[in-house]
There are 2 protein chains.
Amino acid sequence: MTETELESLIRLFARLPGFGKRSARRVVLHLIKKKESLLVPLAQSIQNVIEHIRTCPVCGNLDSCSPCHICQDQRRDKTVLCVVQDVADLWAIERSAAFKGKYHVLGGLLSAIEGIGPDELRLPVLENRIRQQEVSEIILALPATVDGQTTGHYIIERFKKLPVKISSLAQGIPVGGELDYLDDGTIQTALKARR
Amino acid sequence: MTETELESLIRLFARLPGFGKRSARRVVLHLIKKKESLLVPLAQSIQNVIEHIRTCPVCGNLDSCSPCHICQDQRRDKTVLCVVQDVADLWAIERSAAFKGKYHVLGGLLSAIEGIGPDELRLPVLENRIRQQEVSEIILALPATVDGQTTGHYIIERFKKLPVKISSLAQGIPVGGELDYLDDGTIQTALKARR
């Protein structure tokens, strides 16, 4: 039997992160039940994203304008760059509304296991930005994982001769965090970095 | 700020069952990363489903042909109808490959709380099928919930004067089920229905 339209859609949904065959079937049936209110708008919205969303050549953000609206925003401080792993992290920092500089999305982390070196990331672009624009400070907002810390150290080493200040996000107890539920590493780090 | 193409797509994904804002963002970013291999095929596949998939006017299944391929299949026994709540249940029985008759999808269950009566379901269509076609047996494959059992009893009452045999799926211990992990109700039912 050739694959039907429904089976093909279920197979595609099953490839999304967090999805299996069962949840894909469930979502596809839900979509068909809500054809006019959900399936048709979804098709239109996906088409819009395919046609309009591009990676910003400057910072690596996703947007319909190029450069992206953050890079174009004259009110933001272009002398401070926040370096993040990917666009999801950029969005997380934007939601916090705590940063008014510009961003640089690496598009991943250095990883010996996965064979990702500096040239697979957007590090050469970052170096160009530091050399050519008036960047005076870099804030590393990388995950507190082995790969995240390795990438941070690499960036500090690589750019230490350039006239740019490099800092990292503070590590410690998350706001609202109960000590009892935190892992030992977090408590040790928070103790060492006490103020 | 007006909603961007990305925000609009994330909002639609967040309305799918099992999704929240966070998982919707994750899926949308994943789709954009795999634009050619996943996002574009998904758009095409959704378009195909919108254009081709229809509810079968006979049994209520979803298919690109009308009547559906199960209703058209001459090798299947048209004297036996399996009554299910929705298309997902029809698919589950088809996967088991244990049933070679035809189906009737109710499109829901009777529910006093949600105000769903017999005419909201495809029960009049079922009555017509029994009266007009050579249906000699109905198998109720409804969920073992209060609404499922209520709907089953209603169907038995409604059709008891028609020349049709009505049976239900057996209840008992699922295959591979450990007694220790089963709820009391299942064990009681399995004991009462012992063979």
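The values are calculated or read from the model by the stated rules, or taken from the named source; none is laboratory data. Just so it is clear, the model here is predicted, and its values are computed rather than measured. Virtual Cβ from ideal backbone geometry, glycine too; neighbours counted across all protein chains shown. Quick note on the areas: whole protein, heavy atoms, side chains included, nothing else; ligands and nucleic acids left out. Shrake-Rupley method; radii C 1.70, N 1.55, O 1.52, S 1.80 Å.
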Number of the condition not met by A:LEU39 [criteria: (1) among the aliphatic types (A, V, I, L, M); (2) modelled with pLDDT of 95 or more; (3) touching a Gly at 6+ places or on another chain (Cβ under 8 Å)]: (3)
Test result for B:ILE46, within 7 Å of chain A (Cβ to nearest Cβ), of a type outside the set (Lys, Arg) and either surrounded by fewer than 16 Cβ atoms within 10 Å (Cβ to Cβ) or under 13 Å from A:LEU39 (Cβ atoms) (or both): yes
Every residue from region A:49-74 that is under 20 Å from B:LYS35 (Cα atoms) and at the interface with another protein chain (Cβ under 9 Å from one of its Cβ atoms): A:VAL49, A:ILE50, A:GLU51, A:HIS52, A:ILE53, A:THR55, A:LEU62, A:ASP63, A:SER64
Among (1) open to solvent by less than 30 Å² (accessible area, probe 1.4 Å); (2) modelled with pLDDT of 90 or more; (3) over 22 Å from A:LYS78 (Cα atoms); (4) aliphatic (A, V, I, L, M), the one test that A:VAL146 misses: (1)
Single residue of A:LEU42, A:LEU81 found to be under 30 Å from B:ARG95 (Cα atoms) and not β-branched (Val, Ile, Thr): A:LEU42
Tally of residues being more than 15 Å from the chain's Cα centre (by Cα), part of a loop (DSSP other than H, G, I, E, B) and of a type outside the set (A, V, I, L, M, F, W, C) across region A:130-143: 3
Some residue of region A:102-111 being open to solvent by 60 Å² or more (accessible area, probe 1.4 Å) and at negative phi: no
Those residues of region A:13-42 which are facing chain B (nearest Cβ under 7 Å) and open to solvent by less than 10 Å² (accessible area, probe 1.4 Å), in sequence order: A:LEU16, A:VAL27, A:LEU38, A:LEU39, A:LEU42
All positions within region A:164-195 that are assigned to a loop (DSSP other than H, G, I, E, B), closer than 22 Å to A:GLN149 by Cα and not basic (Lys, Arg): A:VAL164, A:LEU169, A:ALA170, A:GLN171, A:GLY172, A:ILE173, A:PRO174, A:VAL175, A:LEU182, A:ASP183, A:ALA193
Filter result for the condition that a residue is under 21 Å from B:LEU90 (Cα atoms) and in a loop (DSSP other than H, G, I, E, B), over B:GLU114, B:GLU127, B:GLU120: B:GLU120
